[in-house]
Amino acid sequence: MTAPVERREEPLVFLYRLKPGMGPEYDRAHRAVWPEIIALLDEAGFCDYRIWRRGDLVVSSLRTKWGYDHAARICAASAIQAKWTASMSHIFDEIVDANGEPLWLDLVFEHRT
């Protein structure tokens with residue numbers, strides 16, 4: 001699946017699976033996110049980026065200023081992103097599908113009033 005159609009008012013949502021017992025290490029890393037990563041997220045146009053964890057399941061939501069494809073290209077070309085990803089690789093069990101796409105979540109129900 002490719003990135004869902006992005007609408008500015010709604011976040012894109014995806015999940016990761018951590019290796020068993022790696023949640024506390026994942027949390028520690030995110031309490032001390034490198035300033036260079038924050039700067040890269042800003043440069044790429046990521047905004048309102050949130051992460052939740054329950055056990056070994058991580059759910060993330062984000063919005064972008066200029067579209068996910070633009071933001072993903074900026075990050076993919078970044079040496080600091082590659083270094084961050086490498087530093088975290090031992091924590092993850094599953095982060096992408098067979099096509100290398102994030103594990104996007106599909107909206108299956110919505111109720112708005």
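Each value in this text was obtained by applying a stated rule to the coordinates, not by laboratory testing. Given the structure is predicted, the values throughout are model-derived calculations rather than measurements. In this analysis, Cβ positions are derived from the backbone assuming ideal geometry, glycine residues included, and neighbour counts consider all displayed protein chains.
Numbers below:
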read-out: Residues of region 18-48 satisfying the condition of being touching a Phe, Trp or Tyr at 6+ places or on another chain (Cβ under 8 Å), farther than 11 Å from TRP84 by Cα and part of a helix (DSSP H, G or I); value: LEU41
read-out: Within region 9-46, tally of residues that are under 14 Å from the mean Cα position of the chain (by Cα), among the hydrophobic types (A, V, I, L, M, F, W, C) and within 15 Å of ASP93 (Cα to Cα); value: 3
read-out: Answer residue from region 47-101, given it is basic (Lys, Arg) and under 11 Å from the mean Cα position of the chain (by Cα) and is surrounded by the most Cβ atoms within 10 Å (Cβ to Cβ) among those; value: ARG63
read-out: In region 78-113, residue nearest to GLY55 (Cα to Cα) [restricted to those that are assigned to a helix (DSSP H, G or I) and in contact (Cβ under 8 Å) with a residue 40 or more places away in the chain]; value: ILE91
